[in-house]
Structures are given as structure tokens and as C-alpha cells.
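As C-alpha cells, the structure follows; a few thoughts come after it.
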Amino acid sequence: TATRMGEWTSDSTWNQNSIPGPNDTVVVNGYEVTLSGTDILTIKRLELSNTAGATKLKLDGALSLTVTGDVVATAFSYENHEELELKHGATLTVQGNMMFSRSSNNSEDYSLKLEIRNDSKVYVNGEFHFDYKNSGPEEDNEEIYINNTGLLDVSGDTYIYVRDGGSD
């Protein structure tokens, strides 16, 4: 679990004072954590949440992160953004499912966002779910943003729901 903002590869970012490994569930809630460089890393599960504040996980560079289980991003908080961003050639491989869900409690002004840009790639071996509740007319259309050199490759089914009015 991240206990402060910082680099993924810094021991002090994590509650066990050690970089997460292949048997670890990584939890980022209320912090910005950046994985950059050319590392090749494996973890068991990735959980993003914004109940403790704005949350962002940035994968930046020619690196590879493999998640052997699921990636779950759940935006519960009314006043905090949550984002997973890949850029500059980063690769994320999810061997399970990738699930994004924004609670109906969220304000229209606070986003749940997936950005894949600048030759970055996301491979999902399972299903991809993006359930975006309480959307409003003032929101931009970049809650899932893939630029012309980014890739989202899903082997399983893909479900994208955008709901307004706060109903679950």
C-alpha cells in the first residue's frame, strides 16, 4: 500500500518499506505514484481508489508492468480525481480483468480516467469494464483516452457504461 506520493521504485513509498513484488497486491489511495524508466515488474493485483484523496498511477517510459490478477479502479469519493496514465512506451499487461467503476456519489467535476498515449500499450487477457456513473453534460470526453499511437487490446469482452443522474 502506498503511504505517500513518490516513485514506485522507492522503498519509502510503500507501507512495508519495500518495492512490491510478484506476490503483492498494490493499493494506491490518495497519492500519486510514478513508475518510470525501463523496469520490468510483476505484481499480483492492482487496486486504485480515491477515498483518501486524489489518486494517480503514472507508468512513464519503456517499462513493463504485469499484473497476474485483476486491476480494479473504484472512484468512490465525491471530490477527488482518479487516474491511470501510461505514456512514452509503457506497457501494462493484465492477466485477469480490468475494471473501472465510478460511484454515483461522484460529482460531475471529478473524473475516473484511463489514458494511454505515446506508444503505450495495455493488454487485458480477461474482460474490460468501464462503468462511469453520474456523468454530466459539462464533462469532457476523455475519461478513456487513447491517442493515435496508444493501444488497448482486450482478449475478453468489453463493457463500457456511461450513466447519468446518479443511478446505479
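Which distance in nm do the two modelled labels at ARG117 and ASP39 give, with both placed 7 Å along the Cα-to-Cβ direction?
Label at ARG117, label at ASP39, 2.3 nm between them.
Measure off 7 Å from each Cα along the Cα-to-Cβ vector at ALA54 and THR1, then give the distance between these two points in nanometres to one decimal.
Going by the 7 Å Cα→Cβ label model, 2.3 nm.
What full-extension length gain, to one decimal in nm, is calculated for THR25 and TYR161 as 0.36 nm per residue of separation minus the Cα-Cα distance?
Contour length minus the Cα-Cα distance gives 46.3 nm.
All of the numbers you see were taken from the coordinates with simple rules; none came from a lab. Bear in mind that the values here come from a model prediction, so they are computed numbers and not experimental data. Please note: Cβ atoms are built from the backbone with ideal geometry, for glycine as well, and neighbour counts cover all protein chains shown.
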